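What follows is a short report on a single structure.
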Amino acid sequence: MKNVIEINNLSKAYGNVQALDSVSFSVARGELFGLIGPDGAGKTTLFRLLTTLIRPDDGMATVEGLDIVHDYRAIREQVGYMPGRFSLYPDLTVEENLNFFAALFGTRVEESYDLVAPIYRQIEPFKKRRAGKLSGGMKQKLALSCALIHRPSVLFLDEPTTGVDAVSRSEFWDMLSELKTKGITILVSTPYMDEARRCDRIALCNEGRIMHIDTPQNIVGGFGGKLYAVAANNMFALLQAARSATGVAECYPFGDTHHLVAVEGFSAELFVSEMQGQMIKNLHIERCEPTIEDVFIKLMQR
Ligand code: ADP
């Protein structure tokens, strides 16, 4: 299967900030590919390069076989882009926004209604409402409808679920799975590690580089080392003490607990007695399964 997106050693700096540092990967047709990484990882820069809004300093990339520098006009007609910030016109109504984006691409809403309908129907009851007055989840559905109105073969979605409630986030990922069944290739970014599981493959990125690319299952499966969740009365003292305990490779805060990566020489019994010796009170320890976030933390520490 031919790749829809090919990226080779793509680099981009702003002054002395290297936003993207020699990034290479490819995305196959129909793939739902996720870019996972914190703020500043370079995700938006990559989207802006691939949608031809900015030019690279170095390297090259193609979308549907078209070069991002030389074939920028053709690329703009082929792709749909939902930028991270609200991309709609707040003073136009829902309906007017959709019509506007259709007109921009020389098409009419009716021509793409079959593609947009499953998403647009959810906000159609509010079609006379100004976009600026919609909830986060509704804005997101309208922005996705607008990005699809010219029947793009590739969708670029930059943090589409940031600032959206959990239910709308989950619904949004259902919509992406639905679009995937229609053969649309999707590159989507998110800072929410839990959303990575909904992608076919993900790239873990940080500071302009890609640290790892694989399926979410393989990424979690390759964690290596046993993982425990630990907690105690004094979490800070626990963190300090655990880091120097026998057979502990790493210990880091993780939600309400600390995660502890155990290597050779570790045993829960020994750990408990060592913590008692350090006056750690009410210690709880249990085995847990690694998440994408654990892998991310591990890669960052390398
Ligand atoms: P992300 O989308 O993952 O948060 P960005 O691509 O927005 O990452 O940013 C990558 C790096 O480039 C960050 O350090 C950011 O501050 C910097 N950056 C992004 N856009 C600009 C710009 N227009 N001018 C200067 N620095 C920028």
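The values are calculated or read from the model by the stated rules, or taken from the named source; none is laboratory data. Predicted, not measured: the structure shown is a model, and the values here were computed from it. Cβ placement follows ideal geometry from the backbone for every residue including glycine, while neighbour counts extend to all protein chains displayed. Remember, those area values only see protein heavy atoms, side chains included, never the ligands or the DNA or RNA. Shrake-Rupley method; radii C 1.70, N 1.55, O 1.52, S 1.80 Å.
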Handout entry: Protection-proxy order for peptides 6-17, 242-253, 138-149, each taking the mean of Cβ atoms within 10 Å per residue, highest first
Key = 138-149, 242-253, 6-17
Practice task
Rounded to the nearest 500, what is the 222 nm mean residue ellipticity of the chain from helices alone, with -39500 (n - 2.57) per DSSP H run of 4+ residues and division by all residues?
Solution key: -10000 deg cm²/dmol
Handout entry: Rounded FRET efficiency, nearest 0.05, which uses the C-beta distance separating S24 from E269 and R0 of 45 Å
Key = 0.45
Exercise for the section: Quick one: accessible surface of D91, probe radius 1.4 Å, all protein chains present, in square angstrom to the nearest 10. Expected result: 110 Å²
Problem - Percent accessible area from carbon and sulfur atoms, the chain, protein chains only, probe 1.4 Å - result: 49 percent
Practice task
Starting from the Cα gyration tensor of the chain, take the square roots of the eigenvalues, sort them a ≥ b ≥ c, and report rounded, prolate or oblate (rounded when a/c is under 1.5, otherwise prolate if a/b is larger than b/c, else oblate).
Solution key: prolate
Completion exercise
Heads up, the range 1-96 by the C-alpha gyration tensor (a ≥ b ≥ c square roots of eigenvalues; a/c under 1.5 rounded, else a/b over b/c prolate, else oblate) looks oblate
Handout entry: Tensor-based shape of the range 120-164 (alpha-carbon gyration tensor, a/c under 1.5 rounded, otherwise prolate or oblate)
Key = oblate
Problem - Cβ-placed point charges (K, R +1; D, E -1), dipole of the chain about Cα centre in debye, nearest 20 - result: 620 debye
Exercise for the section: Keeping all protein chains in place, calculate the accessible area per residue for the chain (probe 1.4 angstrom), answer in Å². Expected result: 48 Å²
Exercise for the section: State, as an integer percentage, the relative contact order of the chain based on alpha-carbon contacts under 8 Å between residues 6 or more apart. Expected result: 19 percent
Handout entry: Distance violations [Cα-Cα > 25 Å] among K133/K180; K2/K182; K43/K139; K139/K180; K141/K298
Key = K133/K180; K141/K298
Problem - Calculated from backbone phi, Karplus (6.51, -1.76, 1.60) coupling profile of the range 87-94 in Hz, x at Gly/Pro - result: 9, 8, 9, x, 7, 8, 6, 3
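With both partners inside the chain, how many of the DSSP beta bridges are antiparallel, as a percent to the nearest 5?
Antiparallel bridges: around 70 percent, rounded to the nearest 5.
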